[in-house]
Every structure is written in C-alpha cells, then in structure tokens.
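Down below is the structure, laid out as structure tokens.
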Amino acid sequence: MFSDSAFRSFSAACLSTSPNLEDLKPVQRFRLLKNEVIQHKVRTTGHSLRLKPIREQLSAMEYLWGLSWGDLDPFSELNYVRVRADVAQLLWSKDVALVPTAELLARMDAFMRKNYLGGISSRQLCFDSFPVQAYEYKLLPISKSCPSLYVLDESSHLQRVDYHELPPLQLTLYPFFAATHAGAGFFKHASTRDPDYSHPIGVMDTLYASISPVPEFFTTRPTRNPSPGDNHDVVLDDEPDTDSESTFYSDHEGKRIQRWVQGAGVSCYQNTIAGLSSTSESDVGSDP
C-alpha cells in the first residue's frame, strides 16, 4: 500500500518493470498516439473489411473532437508522456494503456455521441468541454501477459504493485489521445477486460470507424500553424530527455499548444500550460 506522501509525489516516471535499481531504464518522452495506432476496420460494399487510411482516420477524429479539418496535431506535447523505456515499450506494443477515469470516459462518450449525431455546425469543440489541464489516468493491463510492475518510491526503493491497485496518475496527456490509443490496444488484443473502461472506449472506437464527415467539413482550412516536419504520415522516434530538455519542451510546447487551442476557437483559454513542467509528470524518483 502507498502512504499519502508517496501518493502525492507519484509520477509515471516512477513506474518500471524491473525489480532492481541497477536495471532501471532511462526516462524518455513517448508519443502515445502514432500513425500505426488507429486500426479501425470499415466494411466495404462487398462486406469485406479494410483498414481506414491514416488521413481518413485522422479526419474522423477531427470531426468528432469538434476540430476543423487538418487541425489535429499528433505532435503536440498533449500526445506525449514521460515514462521509462520499458514502460514505453509496453505502451508501444499496446500491452498496457493509460486510460482516463470511468467518470471522464462517460463524459467523453456523451460528447462524441453528440458530435456524431449533430450537424457539422452544431459540433462542440473538445477544448471547450475538456480544457488543457492535468487529468487522472489508470495504467491498465490489456494483454494477458503483462510483466510485473514496480514503483520507485521517495526512498529509492522499488515496490511491486498490482496494476489495479496503482493510484491514479496526474498527467497533462490529453484524454482523447489516451482513449484512442487505449481503444487500439483493446482492439489488437480483442480484450474486454475492465468493462468500466473498455466498453465506453469501444463505443468511441466504433464512432471513429463509422463516421463519414460531410463534404463541407473538408472545405475548412486548418487553423493551427504546422511545425517543421509536422506530417500525418511521419512517425517520430522517441528519445530520452534531460531536465533541461524537458524545460525547453514545456516552454516551447506551451506556446505551441496555446496557438493550437486558441486557433481552434476556444472562447476562454485555460491558463494551465505554464504548469507543464511543474505538474506531477516531473521526474520524481527518476534515475538514481
């Protein structure tokens, strides 16, 4: 069990699959939602199944999130999490997933259903209903063969912990990125574990697969400013980062996220970006 003080300092960087301090992997920035993550199958006129092209998948996400066509920024810091390399590998293989709380998933489900059923002009913007801020996440096992999990506490001791007993993680990861990644994991492993989480995520995944944005959606122009190399068909490598690099990314991405969110039409920008480097995603219990 975790003490209150350990809970307050708990971060994703404290998680490891190694029971030994000397075997701890470095902390790295991991981009959660990558091009290969979304594997929505759609039924063709011949009743066979095919995978949606990546641009078609991203358009479905943009439409249901209430964004304009071309506005989704998969290279935003909102799609990154700082974890150790072994945990990043589990996220990459989709053996585990960072899942929003059941309460938040219910709100997200209702939000996407409304955007799905309403007209293009009646869609709500995700940033209005789900502002940029820290959210709580559970690290859930999806595959049947997940390794044991250990937590590095404030005393630099590794404690073994059951996934379901793990306290929630406070992350600046945006919940729609996380839920979409988790949906790909449940799909890949044909898993219905943890139905309080897998069911609403499965509903959202079905909406992505079945939505066909109206032609008017594709006449809009993106409101965000693409960064160099910002391409929907590019997958960037994830690299370890130092504290100074983390500060740089936080400052730089804070401004970039603000341009994206404000450009998408948020009426009142939430002043939470400045805290990116000071939230519980900081390296508490990082490499000793």
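Structure summary
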| item | result |
| --- | --- |
| J(HN,Hα) series, the stretch 196-207, from Karplus relation 6.51 cos²θ - 1.76 cosθ + 1.60, nearest Hz, glycine and proline x | 4, 9, 5, 5, x, 5, x, 5, 4, 4, 5, 5 |
| Rounded to whole Hz, the Karplus (6.51, -1.76, 1.60) HN-Hα couplings of the stretch 145-150, x for glycine and proline | 10, 6, x, 5, 10, 10 |
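Quick note: the coordinates plus some simple rules give every number you see, no bench work behind them. Predicted model only: the values in this text are computed from it and were never measured.
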